[in-house]
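Trainee: One structure is given below, represented as structure tokens, and several questions about it will come after.
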Amino acid sequence: MTALLTVTSIETLYFDRIYALFGVSVEVRDGEIFAILGPNGAGKTTLLRTIAGLLKDQPKKGTIHFAERRIDGWQPEAIARLGIVYVPEDRGLFKELTVAENLELGLWGRRDEAVTKDLDAVYALFPILHERGRQQAETLSGGEQQMLALGRAMLRRPRLLMLDEPSLGLAPRVARTVYEALGAISRTGTTILLVEQNARLALGVAHRAAILEAGRVVLEGAASDLAENRDVREVYLGIGGVEQPPAKTWRLYRKRRRW
């Protein structure tokens, strides 16, 4: 499987002095789901925004290649034209517009014969969107808004779909439905780069994953291997536990990770 996206030793700064990413390298293979896990403030969203060209003059160092083209320093619209579609944490919907109107914006500029076919595929994946066609986006539930954001993104026919926290604020049952949809999208051949705090959901659908902490990649590998890693299970999955330290030393005790 060849690499579709290669991020090599990038460094991203805010205000030219605050490091958000330190020498981050990631390779996303064509057709796979790659998950980036980590706590708040780890730099996960910054990584996606850097790839999408949304941070001016960033990255300061390193390179980003997509489909064998070097794209670091490109304008966001030029990157989007290559087939990189970014769905932000807030979903980026036009909330005053209806569901149907939001989907029409996903079709903006398309004149190909597959428009109707693609729209039907979105409705097949998310039937609720067809039912809510005349409803304003702001009146949808959180899960429905996420489905609308995914549906609109798929109408752009992305080569790489980048998702920022798709399960954020969703009830567990709804989050599972969204992740089932991601599996279905992946089976169509779409490559997915996924940022997520819910490690259990992400590792359940991803092929490979990396853990980002304090702007650095500290662990990377097959999703199944990370799911079995002792530290990942304890820190991110809440499985297993640590031995209780003696009462007199508990204040000095800190779980030592092996990365």
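Trainee: Hey, among the residues in segment 48-70 that are over 19 Å from the mean Cα position of the chain (by Cα) and over 16 Å from TYR19 (Cβ atoms), which one's surrounded by the most Cβ atoms within 10 Å (Cβ to Cβ)?
Mentor: THR63
Trainee: Also: Quick one: is ARG187 over 15 Å from the mean Cα position of the chain (by Cα), farther than 23 Å from LEU21 by Cβ and surrounded by fewer than 20 Cβ atoms within 10 Å (Cβ to Cβ)?
Mentor: yes
Trainee: Let me ask something additional. Within segment 145-161, identify whether any single residue is without any contact (Cβ under 8 Å) to a residue 60 or more places away in the chain, exposed (fewer than 12 other Cβ atoms within 10 Å of the Cβ) and part of a helix (DSSP H, G or I), and answer yes or no.
Mentor: No, that holds for no residue.
Trainee: Kindly indicate whether GLY106 is on the phi > 0 side of the Ramachandran plot and either among the small types (Gly, Ala, Ser) or outside the structural domain of ARG200 (by TED's automatic domain parsing) (or both).
Mentor: Details: on the phi > 0 side of the Ramachandran plot: no; either among the small types (Gly, Ala, Ser) or outside the structural domain of ARG200 (by TED's automatic domain parsing) (or both): yes.
Criteria not met by GLY106.
Trainee: Here's a check for you: in segment 116-130, which residue that is out of contact with any helix residue (DSSP H, G or I) (no Cβ under 8 Å at 6 or more places or on another chain) and within 13 Å of LEU103 (Cβ to Cβ) is modelled with the lowest pLDDT? If you could, list the steps in order and put the result at the bottom.
Mentor: Here is the first cut: in segment 116-130, the residues out of contact with any helix residue (DSSP H, G or I) (no Cβ under 8 Å at 6 or more places or on another chain) are 116-117, 120, 124, 127.
Retained after the next criterion (residues that are within 13 Å of LEU103 (Cβ to Cβ)): 116, 120.
Working: THR116: 90, ASP120: 94.
Here the residue is THR116.
Trainee: Identify all residues within segment 195-213 that are touching a helix residue (DSSP H, G or I) at 6+ places or on another chain (Cβ under 6 Å) and among the hydrophobic types (A, V, I, L, M, F, W, C); write none if there are none.
Mentor: Residues satisfying the conditions are VAL195, LEU201, LEU203, VAL205, ALA206, ALA209, LEU212.
Trainee: Kindly indicate which of GLY73, GLY53 is assigned to a loop (DSSP other than H, G, I, E, B), outside the structural domain of GLY151 (by TED's automatic domain parsing) and at pLDDT below 95.
Mentor: Just a single option satisfies the conditions, and that option is GLY73.
Trainee: Output yes when any residue across segment 120-129 is in the same structural domain as GLY31 (by TED's automatic domain parsing) and in contact (Cβ under 8 Å) with a residue 60 or more places away in the chain, and no when none is.
Mentor: no
Trainee: For segment 17-40, enumerate the residues that are farther than 18 Å from ILE79 by Cα, touching a residue at least 24 places away in the same chain (Cβ under 8 Å) and in a loop (DSSP other than H, G, I, E, B).
Mentor: Passing the criteria: GLY31, GLU32, GLY38, PRO39, ASN40.
Trainee: Looking at this structure, is GLN145 under 19 Å from the mean Cα position of the chain (by Cα) and not β-branched (Val, Ile, Thr)? First the steps, then the outcome.
Mentor: Values: under 19 Å from the mean Cα position of the chain (by Cα): yes; not β-branched (Val, Ile, Thr): yes.
In short, yes.
Trainee: Among what's in segment 166-184 and is buried (at least 21 other Cβ atoms within 10 Å of the Cβ) and in contact (Cβ under 8 Å) with a residue 60 or more places away in the chain, pick the residue that is farthest from ALA121 (Cα to Cα).
Mentor: Per the criteria, the residue is PRO166.
The values are calculated or read from the model by the stated rules, or taken from the named source; none is laboratory data. All figures in this text were calculated on a predicted structure; none of them were measured in a lab. Please note: Cβ atoms are built from the backbone with ideal geometry, for glycine as well, and neighbour counts cover all protein chains shown.
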